[in-house]
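The values are calculated or read from the model by the stated rules, or taken from the named source; none is laboratory data. A quick note: this is a predicted structure, and the numbers were derived from the prediction, not measured. Cβ placement follows ideal geometry from the backbone for every residue including glycine, while neighbour counts extend to all protein chains displayed.
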Amino acid sequence: MRIPESILQIDRRIIFLLIGAAVCIPLLLKPRFQDSPTPIVQSIFDTVERLPAGSRVFLSFDYGPDTAPELDPMAKALVRHAMTRDHEVSFFTLFPEGVGQIKKITDNLLPVEFPEKTYGRDFVNLGYKAGLGGAINTMVVNFRTLVNADAEGTPLDNLPITADVDEMVDYAIILSLTAGDPGLKEWIQFAGDIAGIPVMGGGTAVVAPELYPYYPQQLIGLMGGLKGASEYESALVDRYPAYRNATMEATMRMGPQVVTHVLIVLLVLLGNLAYFLGRSSRSSQAGRAGRAGRAGQADQADRRH
Amino acid sequence: MRRRIPLIITFIIGVVLVTGYFVTRGPFNTLYESFSDYFAIITVFAFILGGGSLLKIHLKRVSNRSTDWPYSLVTLAGFAITLVIGLFKVGNPAGMGGEILAGGSWLRFVFDGVYNPLSATMFSLLAFFVASASYRAFRARTKEATILLSAAMVILLGRTPVGAWLTAWMPESLGFLELPNLANWIMAWPNTAGQRAIMIGIALGVIATSLRIILGIERNYLGRGE
Amino acid sequence: MDVTLQLWIDAALTLMILSFLYRDNPFYKFAEHLFVGVSAAYLMAIGFWDHLVPNLLGKLFPSLMSGVVPGAVGRSPDYYYIIPAVFGLLLLTRLVDRWAWLSRWALAFIVGGSAGFNLPRFLDSDFIIQVQSTMIPLVVLDQSGNLLWGASFSHIVLVLGVICGLVYFFFSVEHKGVLGQVSRVGIWVLMVTFGAAFGYTVMARISLLTGRMEALGAWLATIF
Amino acid sequence: MPLHRTTSNPRTVSPSIVRLRAALAYTAFALTRAVLAYTAIIFTLQADPILAQAASESGWFNADRTQALVLGVILTGAILLYVVLAASGRPLFIRKIAGLETVEEAVGRATEMGKPILYVPGLNDMDEVQTIASMNLLGHLATIIAGYDSRLHVPVRKSLVMSVARETVQQSYLSAGRPDAYQEDDIHYVSDAQFAYAAAVDGIIVRERPAACFYLGGFYAESLILAETGNSIGAIQIAGTARPPQLPFFVAACDYTLIGEELFAASAYLSKEPRMLGSLKGQDAGKGIAIVFILAGSALATLESITGSETVREVSEIVLWLFR
């Protein structure tokens, strides 16, 4: 029974190597996996779709470059959709690093794909505001005390898109792309629950589970991680086939996801197989159950009683 | 005096802010709204304490020639150069009035060229650690571990097109057992139940601790003696 | 600055950090120490210009700061901001041993303030609303009054799951008998939550690595 | 568990009388504070005559939050009641919290091996309640460590937390009678940047090879970076956080994890101080209230959905007013 034992105690660097390969190889080969939206993503799409043209959309980029690989595709899909539906979009961020993320959209995506849309009329960058959740609170209580000019310092009254915006409730919907605190949770707590503005958006796969409890009462819809983004992209392509040829980043990046997920599942199965094969031989020498094989919390739960 | 005054401050500010939540106007509400703002300002003063501690530790390592002291020089140099670039907005196209991270400024270069790749790469180490942790922890040793393992496997497979493909053969009537549906069901119901129980518990913990702080029952953070 | 130079620095630092996966080594040590120094100073500079200047100096001395704070021109001083200024300065008394005890006042302000700020917030959003959204019917009927088995089952799982989970968190009673059974089910619910959240997160982590590998790819593309 | 109590003067007064006197004094103290606080809040709320028509927009009182106010009074009242009861000498039970049992063992092991103990208080600043809970735990831990003569290393991300940690640990060493063993430089600031902090702590772990790692406080994505590195060197790891997204990682990579509220309960568990235990009992009462209302709410909602009766709906509106 020496083989199971060595599989159980495998050097973690071998696992690291396998993960590296599982990410790099699909990146080079570029397989494409098509997805279909689940209800929690579809409801965001439907909401954007059903808002009357020209509705004011508040889009908060609550993330920095760290989590951009996951959240940028959502931002792009949402902006494409909102622009196609002729909504008026205000960009905003509660993260200092979010400014750069907004710039990627306003400087790179919009001029290329929507050259007819103009700054100040169809979209505006309200920039970064400090104060975390408290900033949202202030905006809901008195929008203009916190936001009185756009990111460049032009007063809101001088921009057609924001001239009539006096209160947070003048926005039809709040969208947040969330990487942590502050994010959707704070938008729900301070804006959704208090001012009754519908809130929806996307989160990294890490924060998404924490946001599920708010759906559907306090949160209209949620895109969770890259998979959520790729679902939104496929909803967009289904409705607007013109986007079929656009680069859909999330869909592209699903390749490494699929391979690594399968790899991890296989590794876990292998580990369990070795564990059960070796259990009989190990139970006789349980005394030296070395630290390498510590089971973590699962055992702890057992010890709790 | 050294402890009583802090306790009085805690009591007053705590009561004022709790009241500010229920009162829509007046000084109470102003304070409630601006507390985060005030806190952000005070933490900037705290940077001086932090920077001082950082300098002291690394200067000491250099002067004592402790193990790895040359690396402390790297820290000190990185710190000093970045601080000068940042505080004086070196290279900022709009001078001292410009946006701190304006394109072309040196600080922007430090951010894009040094800070950002280091931060993103540290973060991406998680991809490897997530794999090694799951390999080790997901073993069906006990009933609890088996539940943990099964939930994780269903989600892992259900969150990729492979999951759909694996269970596509199922008859229509068993559609709810298809992996993507099962994964979403777990996320939406049992996961929500667990998250809620944890959240309610934490809320009570926060409420009780806050109350103890405001009333002065909890005061260890002030140091224990005089 | 030069894009190619940036790409090379980016790639070099990325590889230095990744080398930690093999073992601790001089390259990692270099990157780690550089990161600590640069990031500490970077965030100090950002804090100074983003918080201290506009939110404190700009509010207290708007006319003096009009050159660097665009919005400050013609504004009158906002004296509420003396509060954070005083407490911020009190914090620095820590640097002088004889006056260090005064810094406790600043600490008391922060701790008391967070307690007062968090108490009602958690009460409202995490206690009241979470309890409220768990008050759902255990039997779900469709429009014409037929029982929906699936939905009813889901609702029962949610309500019982929350209750069992809460019972697990009871501290002042021993988990024996019926209570012990219920709290054991509570642990199972927590285990499903943890397993699900872990599985869900794997995706996020892989995305990050994908992003980094794409950056390395861009660098390699410039070489070949 | 070595409790640090300053020894009182050996005067010849019966201990039960001392206990009674202390309990009475404490009850008076707690009640006065609470009454003051409630009065202050209620008084402010009534400062405006328009409060009578609180619903009107010109009112000072935010009528949407009436329920929060009532529930807040009930919950804080319950907690206070048990705190006062506990202070008056009523014995209180606390269940076992796995992980905390092993703290002493972990410290002992570190001393035997001549290795340091690493304490990571999380990423959050002092404005976060879990950091305050973490500082309390650090205090208890430092008292134990002072008794064992091993080194305690605390790298922090926020300089305010550093100040508090230094004060707390110094006091613990002092009260354990080992002020000389306190090393200020072992509690030091690293960087405010999350991943620079993680990189540095990882470096500390692989170079100093601590025998025990404690991760207690508010953690974010770095949780697994730290816990996996700690695991690779074979340290005993005890974690705890009230940030639900990070719990699964600690659960997978650490020996013991304090889940959510357990982090707040831990300092009561370690100190066994009556007032803290009382507050814990009050929290349990809060959970009891939650369970009762969830059951009642679900039962009424079920009845309503089956019968479709308007009367049931009205009844449940009244019964569940607090949560509507």
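Brief remarks on what is shown
- Exactly one residue out of A:Ala246, A:Ala274, A:Ala242 is under 14 Å from B:Ala140 (Cβ atoms) and out of contact with any Phe, Trp or Tyr (no Cβ under 8 Å at 6 or more places or on another chain): that is A:Ala274.
- Within region C:38-94, the set of residues being of a type in the set (D, E, K, R) and either in contact with a strand residue (DSSP E or B) (Cβ under 9 Å, 6 or more places away or on another chain) or at the interface with another protein chain (Cβ under 7 Å from one of its Cβ atoms) (or both) comprises C:Asp50, C:Arg94.
- Taking residues in region C:154-179 that are facing another protein chain (nearest Cβ under 7 Å) and of a type in the set (Gly, Ala, Ser), and partners anywhere that are surrounded by fewer than 22 Cβ atoms within 10 Å (Cβ to Cβ) and not in a helix (DSSP H, G or I), the pairs with Cβ atoms closer than 8 Å and at least 6 places apart or on different chains are C:Ser154/B:Trp189; C:Gly161/B:Trp189; C:Ser172/D:Leu92; C:Ser172/D:Phe93; C:Ser172/D:Ile94; C:Ser172/D:Arg95.
- Of the residues B:Asn181, B:Asn220, the single one that is out of contact with any Cys (no Cβ under 7 Å at 6 or more places or on another chain), polar (S, T, N, Q) and within 24 Å of D:Leu160 (Cβ to Cβ) is B:Asn220.
- Residues that are crowded, with 24+ Cβ neighbours inside 10 Å, more than 24 Å from the chain's Cα centre (by Cα) and outside any helix (DSSP H, G or I), drawn from region D:205-255: D:Pro210, D:Ala235
- Every residue from region D:256-286 that is part of a loop (DSSP other than H, G, I, E, B) and either of a type in the set (Asp, Glu) or free of Cβ contacts under 8 Å to residues at least 12 places away in the same chain (or both): D:Glu273
- Options B:Leu166, B:Leu149, B:Leu174: the member that is more than 30 Å from D:Glu128 (Cβ to Cβ) and buried (at least 22 other Cβ atoms within 10 Å of the Cβ): B:Leu149
- Within region A:17-50, restricting attention to residues that are crowded, with 18+ Cβ neighbours inside 10 Å and touching a Lys or Arg at 6+ places or on another chain (Cβ under 8 Å), the residue that is nearest to the other protein chains (Cβ to nearest Cβ) is A:Asp35.
- Of everything in region B:68-91 that is of a type outside the set (Gly, Ala, Ser) and on the phi > 0 side of the Ramachandran plot, the residue that is surrounded by the most Cβ atoms within 10 Å (Cβ to Cβ) is B:Lys89.
- Count of residues meeting criterion [part of a strand (DSSP E or B) and of a type in the set (A, V, I, L, M)] in region A:109-163: 3
- Taking the numbered list (1) surrounded by 16 or more Cβ atoms within 10 Å (Cβ to Cβ); (2) modelled with pLDDT under 95; (3) not hydroxyl-bearing (Ser, Thr, Tyr) in turn, B:Ala94 passes all entries but (1).
- Identity of the residue in region C:154-193, more than 23 Å from B:Val154 (Cα to Cα) and hydroxyl-bearing (Ser, Thr, Tyr), that ends up surrounded by the fewest Cβ atoms within 10 Å (Cβ to Cβ): C:Ser172
- Residue tally, condition in contact (Cβ under 8 Å) with a residue 40 or more places away in the chain and in a helix (DSSP H, G or I), over region A:29-45: 7
- Members of region C:1-55 that are aromatic (Phe, Trp, Tyr) and either under 26 Å from C:Val86 (Cβ atoms) or touching a residue at least 40 places away in the same chain (Cβ under 8 Å) (or both): C:Trp8, C:Phe48, C:Trp49
- Within this structure, C:Ser125 passes the test of being at pLDDT below 85, crowded, with 18+ Cβ neighbours inside 10 Å and not hydrophobic (A, V, I, L, M, F, W, C).
- Consider region D:69-85 and keep the residues that are within 22 Å of the chain's Cα centre (by Cα) and at the interface with chain C (Cβ under 10 Å from one of its Cβ atoms). The one that is surrounded by the fewest Cβ atoms within 10 Å (Cβ to Cβ) is D:Leu71.
- Considering only residues in region B:93-123 that are more than 16 Å from A:Pro96 (Cβ to Cβ) and part of a loop (DSSP other than H, G, I, E, B), the one that is farthest from the other protein chains (Cβ to nearest Cβ) turns out to be B:Pro93.
- If you filter region D:99-122 down to residues that are within 16 Å of the chain's Cα centre (by Cα) and in a loop (DSSP other than H, G, I, E, B), you find that the one that is surrounded by the fewest Cβ atoms within 10 Å (Cβ to Cβ) is D:Leu100.
- Qualifying residue in region B:72-87 (condition: closer than 22 Å to C:Ala11 by Cα, without any contact (Cβ under 8 Å) to a residue 60 or more places away in the chain, in a helix (DSSP H, G or I) and among the small types (Gly, Ala, Ser)): yes
- Of all positions in region D:169-176, at least one carries a residue that is crowded, with 24+ Cβ neighbours inside 10 Å, within 19 Å of the chain's Cα centre (by Cα) and among the small types (Gly, Ala, Ser).
- Residue satisfying all of: in region B:2-18; surrounded by fewer than 24 Cβ atoms within 10 Å (Cβ to Cβ) and without any contact (Cβ under 8 Å) to a residue 60 or more places away in the chain; farthest from the other protein chains (Cβ to nearest Cβ) among these: B:Arg4
- Filter result (at pLDDT below 90 and among the polar types (S, T, N, Q)) within region B:28-66: B:Asn29, B:Thr30, B:Ser34, B:Ser36, B:Thr43
- Options A:Ile14, A:Ile102; residue that is without any contact (Cβ under 8 Å) to a residue 60 or more places away in the chain, closer than 29 Å to C:Leu220 by Cα and surrounded by fewer than 15 Cβ atoms within 10 Å (Cβ to Cβ): A:Ile14
- Test: residue in region C:130-152 that is under 30 Å from B:Tyr38 (Cβ atoms), within 7 Å of another protein chain (Cβ to nearest Cβ) and not small (Gly, Ala, Ser): yes
- Counting only strands (runs of 3 or more DSSP E) that sit wholly inside region A:167-273, those with at least 3 residues that are within 23 Å of B:Ala164 (Cβ to Cβ) and within 13 Å of the chain's Cα centre (by Cα) are A:222-224.
- Unique match (being more than 10 Å from chain B (Cβ to nearest Cβ), charged (D, E, K, R) and out of contact with any Asp or Glu (no Cβ under 9 Å at 6 or more places or on another chain)) among D:Asp180, D:Asp192, D:Asp185, D:Asp125: D:Asp180
- Helices (runs of 4 or more DSSP H) enclosed by region B:153-226 - at least 2 residues per element that are within 22 Å of C:Phe153 (Cβ to Cβ) and within 7 Å of another protein chain (Cβ to nearest Cβ): B:179-188, B:190-214
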